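*Asks:* Have a look at this one.
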Amino acid sequence: MSVRFLHTADLHLGSQLKTQHRQATETVDTLSSAIYTAVERLFDTAIEEDVDFVVIAGDLYDEDSRSVKANTFLKEQFDRLADQGIPAYVSYGNHDPVGSATDYVDLPENVYEFDHEGPQEFHYPDEESPAARIWGQSYRDRHESRSMYRRFTPADERVPNIGVLHTGLNPDGRQYVPVARSDLESKDEIHYWALGHIHDPRIHENEQPVAYSGVPQGRQITEPGLGGGYLVELDADGDYEIEFVPTSPVVWQTVEVDVGDEDIASIPDIERRIEQTLEDFSVPTDLFDGTSVTLRDPDWGIDGYVCRWELTGNGPVHETLSNDEDALHELTRRLRDGLTSRKPFVWTEAVRNSTGPPIPSIDELRGDDRVIDEYLALVDELNGEEAREHFRDQVGMAWESVDDHEDGRPDELPLTDDRLDELIERAQERVLEELALRRAT
């Protein structure tokens, strides 16, 4: 016996995209309604796919943004499910704990809300002849120190058993359901863990799926890429198929643009290079490489992108951007005016200047200066894996990995392998740049 359901979480209804999109006259409606559009697409998917039920793993609302509009909108979506005979099983998380809840309208009877006092079990379609059991528990308050999962105790494994938790999977934390991934994996009687709280989609497939669906719509630059939810087919033997369905009408991206060429010296030159970059622009589709999850290409497309442009390279444009503090503001204004008419539109969130002054190429420098030759030899020596681990230890002392977005600042980034490589490369470039400039003077 198998069931088919939609797993989503972290809707954050009532919140807005964190960008100055009120200035974007042509795209303001799309940006303002993006979160609602993404959530509506989730319910569209559930109905079109005729799922057995929907699971929502916390943070339906965003803190104090629970409003009549958000509450009414959500009721309308649940009403749509009710019309098709589809129940929804809902837990509440740290942004919408039961203890501080204000409901402006009542939700329909097809919505089953997990209690906050203790774990609760719901049966689909009913207790007399269950085809699935769904276990969960809601947050009582903003912070939740109870681990909850221990008391998720299905009677047997004759039907698929699903566990619903809103957790950061941090056993040492005391705020967001302290539990380790291994703790969940050790509960053999649970066939699928439907998690919320982490805003990027990810899945662990060691024993049974331990899955974060992520946000349906990213709200800031630290939530890049596609948002959506999981379509899950699950049976009592633990066999499953999972498909990620993108729903986000707007996609956030940080885009590195090399403006180090000699013929790029002015703001219009930078604009043209960015427009060239957009010709080959695409959303990363490697979200689930190395997993069994498939990525759907939905009927609806992406309406627009919100981009942070990271300008790199060593060339004459560095002087243009460095000598006048208004240069970046003017570039940002021109990009916002010029790119919003594209289809899909492109809204510039910010421009970051990481350029440097012109320097000779390494091939030109090699063999002409003893100090530079020694430095280049040292770089080759330090590019080994042992040195890389040393760098990780040293940098990690000041820049620890941030697994939980709630524990980090909006401008704080985790130390991933790719970011460590970027740090090392930039450090090497800065040293070479300084050596070359001193040699030139």
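*Asks:* May I ask you to say which residue of Asp10, Asp62 is buried (at least 20 other Cβ atoms within 10 Å of the Cβ), of a type in the set (D, E, K, R) and in contact with a helix residue (DSSP H, G or I) (Cβ under 9 Å, 6 or more places away or on another chain)?
*Replies:* Asp62
*Asks:* Considering every residue within the range 289-305, establish whether at least one is closer than 22 Å to Arg426 by Cβ and in contact (Cβ under 8 Å) with a residue 24 or more places away in the chain.
*Replies:* No, the range 289-305 contains no residue that is closer than 22 Å to Arg426 by Cβ and in contact (Cβ under 8 Å) with a residue 24 or more places away in the chain.
*Asks:* Out of Val283, Val306, I need the residue that is outside the structural domain of Gln220 (by TED's automatic domain parsing), assigned to a strand (DSSP E or B) and within 27 Å of Lys18 (Cα to Cα). Which one?
*Replies:* After applying the criteria, what remains is Val306.
*Asks:* Conditions: (1) modelled with pLDDT under 70; (2) farther than 30 Å from Asp10 by Cα; (3) under 38 Å from the mean Cα position of the chain (by Cα); (4) surrounded by 13 or more Cβ atoms within 10 Å (Cβ to Cβ). Gly384 meets all but one. Number of the miss?
*Replies:* Result: Gly384 fails condition (4) only.
*Asks:* Confirm whether Glu189 is in a loop (DSSP other than H, G, I, E, B), at pLDDT 95 or above, surrounded by fewer than 20 Cβ atoms within 10 Å (Cβ to Cβ) and of a type in the set (D, E, K, R).
*Replies:* In short, yes.
*Asks:* Taking the range 232-277 as the search range and keeping residues that are among the β-branched types (Val, Ile, Thr), in a loop (DSSP other than H, G, I, E, B) and touching a residue at least 60 places away in the same chain (Cβ under 8 Å), which one is nearest to Thr291 (Cα to Cα)?
*Replies:* Thr247
*Asks:* Taking the stated definitions as given, is Ile47 in contact with a strand residue (DSSP E or B) (Cβ under 8 Å, 6 or more places away or on another chain) and outside the structural domain of Tyr305 (by TED's automatic domain parsing)?
*Replies:* When the stated conditions are applied, Ile47 does not pass them.
*Asks:* Being crowded, with 18+ Cβ neighbours inside 10 Å and either of a type in the set (Phe, Trp, Tyr) or in the same structural domain as Tyr61 (by TED's automatic domain parsing) (or both) is the requirement here; does Pro154 meet it?
*Replies:* Considered against the rule, which asks whether it is crowded, with 18+ Cβ neighbours inside 10 Å and either of a type in the set (Phe, Trp, Tyr) or in the same structural domain as Tyr61 (by TED's automatic domain parsing) (or both), Pro154 comes out as yes.
*Asks:* While we're here: Consider the range 317-333. How many of its residues are in contact with a Ser or Thr (Cβ under 9 Å, 6 or more places away or on another chain) and outside any helix (DSSP H, G or I)?
*Replies:* 0
*Asks:* Can I ask one more? Criterion first (over 26 Å from Glu223 (Cβ atoms) and either among the acidic types (Asp, Glu) or assigned to a loop (DSSP other than H, G, I, E, B) (or both)) does Asp183 satisfy it?
*Replies:* Yes: the conditions hold for Asp183.
*Asks:* Counting only residues that are small (Gly, Ala, Ser), give me the strands (runs of 3 or more DSSP E) lying completely in the range 1-98 with at least 2 of them.
*Replies:* 88-91
The values are calculated or read from the model by the stated rules, or taken from the named source; none is laboratory data. These numbers were taken from a predicted model, which means no experiment stands behind them. Cβ: placed from backbone, ideal geometry, glycine included. Neighbour counts: every protein chain shown.
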